[in-house]
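Asks: Starting off with a structure, shown below.
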Amino acid sequence: MGDEAVFFEAYDAVLRQWPVQVRGVDVPSPHGSTRVQICGREDGPPIVLLPGGGATSAAWFATVGELAPAHRVYAVDLIGDIGRSVHDGAPLRGAGDLVAWLDALFDELGLDGAHLCGHSYGAWIALTGCGAGRLRPGQLSYRLAMSSVMSTLTSTAGGRP
């Protein structure tokens, strides 16, 4: 079995053990297809989870059980990174392209007023998208960024630090 097959076998094994029922969907964007693991209360407020670099949506395994009873959870495999997202479209040349990808993802999922949580590289993408109004008003109601590398926690709600 090749390295990629071993990787995806482990990826799928983690998803089978999620504490709640989860469904993977492939969401199209100009940059390719983004795999999103969806779970939780269908009528709950949406929360989008972005993993750190070199990680996948499966990294949120220990978190989704706590979030799912109250939220509709969207755990994302980052485009251009490991996981089941396929970067076969427009190139990712920098922060602007990552924000455009995130914006397209929100549009395709029909998300308005979502919470956005990112870890490490995912936190950077989230904060970059939120900075200078790069994501359209109304797309987010709250953002939370976590970085274990810098041991910081940054959150904003309603524009207040």
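Asks: Scan the stretch 76-121 for residues that are modelled with pLDDT of 90 or more, more than 14 Å from the chain's Cα centre (by Cα) and closer than 18 Å to GLY44 by Cα and jot them down.
Replies: GLY110
Every residue, every condition in (1) open to solvent by 20 Å² or more (accessible area, probe 1.4 Å); (2) touching a Lys or Arg at 6+ places or on another chain (Cβ under 8 Å); (3) over 22 Å from PHE61 (Cβ atoms), yes or no:
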position: HIS87; (1), (2), (3): yes, no, yes
position: PRO91; (1), (2), (3): yes, no, yes
position: ALA95; (1), (2), (3): yes, no, yes
position: LEU98; (1), (2), (3): no, no, yes
position: LEU109; (1), (2), (3): yes, no, no
position: ILE125; (1), (2), (3): no, no, no
position: GLY129; (1), (2), (3): no, no, yes
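The values are calculated or read from the model by the stated rules, or taken from the named source; none is laboratory data. This structure is a prediction, so every number in the text was calculated from the model and none was measured. Neighbour counts run over all protein chains shown; Cβ positions are idealised from the backbone, glycine included. Note: areas computed on protein heavy atoms with side chains; ligands, DNA, RNA excluded. Shrake-Rupley method; radii C 1.70, N 1.55, O 1.52, S 1.80 Å.
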